[in-house]
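Below is one structure, written out as structure tokens, with a few remarks after it.
The values are calculated or read from the model by the stated rules, or taken from the named source; none is laboratory data. Just so we're clear, the structure is a prediction, and the values are computed from it rather than from any experiment. When we count neighbours, we look across all protein chains shown, and the Cβ atoms used for this are built from the backbone with ideal geometry, even at glycine. Surface accessibility is based on the protein's heavy atoms, side chains included, excluding ligands, DNA and RNA. Shrake-Rupley method; radii C 1.70, N 1.55, O 1.52, S 1.80 Å.
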Amino acid sequence: MGSVLHKELTASGHLTTVVANLNFPVNDEFDVLIDFSHPDSLRHIAAFSRSKKVPAVIATTGYSDEQLAMLKDLSQEVPVLYSGNYSLGVILMERLVREAAAVLGSDFDIEIIDKHHHHKIDAPSGTAKMLLQAANEKLDHQVIYGREGICKREKNEIAIHTIRGGSIVGEHEVLFAGADEIFSIKHEALSKVIFAKGAIKGAGWLVGRAAGLYSMEDVLFGGFE
């Protein structure tokens, strides 16, 4: 992702520095930090952003509750943009899922399918968690992670099914299954470029903002209604 991001930034005329090791000194002034790395790097990234007093676009997933609290602490001092996915299509999908669940959720069964390549380390994906939060915002259903054995589906539950294989970039579907009708919202990523483009758009929006924790909903729609 770092290489893809660097290529997209360079093509758009931005000067970039790719840092693989935060112990490496970065002396140049810069406007924003964009992180596509690993959850274990967050402590170093937060310290780096805090010391430089620069906004941080966080595009890594798989954080623990403790690490998410660390992001919130950082956002007290610098503007932080955090999203489980930076595809503009996925952010729109998140909004559509929220609206569909508000209309259909009491009468339709909701299932989330999450597909990625076999190297992905976290499951469910950050995107699947985003979609779950959007679907369950007003329903407060029980969350089920896959099924096995004798496990009749209960009415007030949402299930997430995780698939990992091959070179799947990312595919997510939210299925609303009702009596005699099925409605689904699906997004498929065909390359990693879409994540870089979304992060760049978010970075441009974040520069100059007040300290705080922002989402891509803020970038595209001005926040939640």
Of (1) surrounded by 15 or more Cβ atoms within 10 Å (Cβ to Cβ); (2) of a type in the set (A, V, I, L, M); (3) modelled with pLDDT of 95 or more, residue 32 satisfies all except one. Which? (3)
Scan the range 140-163 for residues that are in a loop (DSSP other than H, G, I, E, B) and either open to solvent by 100 Å² or more (accessible area, probe 1.4 Å) or over 22 Å from residue 104 (Cβ atoms) (or both) and jot them down. 140, 146, 148, 149, 150, 151, 152, 154, 155
Tell me, yes or no, whether the range 173-189 has at least one residue that is surrounded by fewer than 19 Cβ atoms within 10 Å (Cβ to Cβ), outside any strand (DSSP E or B) and in contact with a strand residue (DSSP E or B) (Cβ under 9 Å, 6 or more places away or on another chain). no
Can you work out which of the residues in the range 190-225 that are assigned to a helix (DSSP H, G or I) and of a type in the set (D, E, K, R) is nearest to residue 56 (Cα to Cα)? 201
Can you tell me which residue among 46, 59 is open to solvent by less than 20 Å² (accessible area, probe 1.4 Å), in contact (Cβ under 8 Å) with a residue 12 or more places away in the chain, under 21 Å from residue 14 (Cα atoms) and in contact with a strand residue (DSSP E or B) (Cβ under 9 Å, 6 or more places away or on another chain)? 59
Of the residues in the range 69-112, those that are closer than 13 Å to residue 46 by Cβ, of a type in the set (A, V, I, L, M, F, W, C) and surrounded by 20 or more Cβ atoms within 10 Å (Cβ to Cβ) come to 74, 78, 80
